[in-house]
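K.L.:
Pasting a structure below so you can have a look.
The values are calculated or read from the model by the stated rules, or taken from the named source; none is laboratory data. Quantities reported herein were computed from a predicted structural model and do not represent experimental measurements. All Cβ positions, glycine included, derive from the backbone under ideal geometry; neighbour counts span all protein chains shown.
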């Protein structure tokens, strides 16, 4: 009798494993990443006699535009867009010593992220802007991984950095708008089994198999 029960339990667990492991229809969910912006004038106030005047050195503007995308809810790793990077170069005053050296600006771009208006949190990554005498450059580092649980899946999101690049567009008068760049993130999606559902499936499988066992014994 013990052998029959042991075999029954083993078969039930195997059936539950097959049910939990069987591929389900891949659903999708929308996500929204908020925006961020900053302006970076030099630390020295331009004097009245400066070439472009006291108000003529506003510094560069960096902006991450709000973005809404769609993510497939199926276990796997995905690389998807989270923001659009906008960068405008303008004059930055670096002092009376001409030509002046590079001015380094480091910043943290913190923005909100949400899924279908439900689970929400913050993602963050640091950036570096270098304002030089002849050109400026801008780049971003990888951000820290942030986790969300959405509709039975854990989603680990890591913002990906952007290489430090120099300004490329200086046509016309200032300010000079630079080419837009996509900011991406790595989305690692993992199914999170529900303990209550697992126990229910196991119980139903045991009941069904025990019934089968009794029928076999009667026959």
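K.L.:
Can you pull out the strands (runs of 3 or more DSSP E) entirely within the stretch 78-142 that have at least 2 residues that are surrounded by fewer than 16 Cβ atoms within 10 Å (Cβ to Cβ) and under 16 Å from the mean Cα position of the chain (by Cα)?
P.N.:
Fully inside the stretch 78-142 and qualifying: 103-115, 120-131.
K.L.:
Can you find a residue that is surrounded by fewer than 13 Cβ atoms within 10 Å (Cβ to Cβ), more than 25 Å from residue 135 (Cβ to Cβ) and modelled with pLDDT of 95 or more anywhere in the stretch 51-74? Please lay out each step first, then the result.
P.N.:
The initial filter retains those residues of the stretch 51-74 that are surrounded by fewer than 13 Cβ atoms within 10 Å (Cβ to Cβ), namely 51, 53-55, 68, 70.
Now narrow it down to the ones that are more than 25 Å from residue 135 (Cβ to Cβ): 68, 70.
Now narrow it down to the ones that are modelled with pLDDT of 95 or more: 68, 70.
Checked the stretch 51-74: at least one residue is surrounded by fewer than 13 Cβ atoms within 10 Å (Cβ to Cβ), more than 25 Å from residue 135 (Cβ to Cβ) and modelled with pLDDT of 95 or more.
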